[in-house]
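What follows is a set of notes on a single structure, which appears directly below.
The values are calculated or read from the model by the stated rules, or taken from the named source; none is laboratory data. Computed from a predicted model, the values in this text were never measured in an experiment. As a convention, Cβ positions derive from the backbone with ideal geometry for all residues, glycine included, and neighbour counts pool all protein chains shown. Each accessible area value is taken on the protein alone, full model and side chains, heavy atoms only, with ligands, DNA and RNA left out. Shrake-Rupley method; radii C 1.70, N 1.55, O 1.52, S 1.80 Å.
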Amino acid sequence: MAESSKKPAAVSPYHEIKYNDPWYIDTEIPDLYEHLDVLHLALHKLDTETALLDSYTDEALQKNIQLLLLKDYEELQVQRYPQDVYLGDFVIDFDPAAELYALKYLPHDRPPLIIGHLPQKYNLQLKNILASDENSSLATQINGGPYKIITFEEGELQIIERQRPYSLRVLVF
């Protein structure tokens, strides 16, 4: 995809829903590591379709170092994938093989792919939300992944890259 066709990444409605709707399920997918390849597929699509990576390069971070200096931070952590980034389209569907509700990623070029299962304790509540007359919705919030630590000491800028395990929060309402 040409650079000029990339657009800014959209923001997930996770916080807007959580703090404005009293009837929701907010949980973390416990078996994300089993389906990490699906998350990587979603992240790759995000990388190719948006300009998100452009702001994460060392050069871009160096240009924005004034933020670090103005805020007088000793160190600043910059996530490769911000928590509130919109990862793409997902759907909740019952998986009879696991007897759990599954969060499925909807790629454009293939059938839905399971990214993980929601904890069993939410099965009844999910069934009721999904069966209600109102349309149910969901949002995701990503945690972990690559991040950079920026420090500015004695006039010298240091950028160190690290990684945390991925986790994915799911909000269904």
Checklist entry - Which one is nearest to residue 40 (Cα to Cα), of the residues in the range 151-168 that are at pLDDT 85 or above and open to solvent by less than 60 Å² (accessible area, probe 1.4 Å)? => result 166
Checklist entry - Among the numbered criteria (1) outside any strand (DSSP E or B); (2) over 24 Å from residue 119 (Cβ atoms); (3) modelled with pLDDT under 90, which single criterion is violated by residue 77? => result (1)
Checklist entry - What do you reckon, is residue 135 open to solvent by less than 40 Å² (accessible area, probe 1.4 Å) and either touching an Asp or Glu at 6+ places or on another chain (Cβ under 8 Å) or of a type outside the set (Gly, Ala, Ser) (or both)? => result no
Checklist entry - Inside the range 127-149, can you point out the residues that are modelled with pLDDT of 85 or more and among the small types (Gly, Ala, Ser)? => result 139, 144, 145
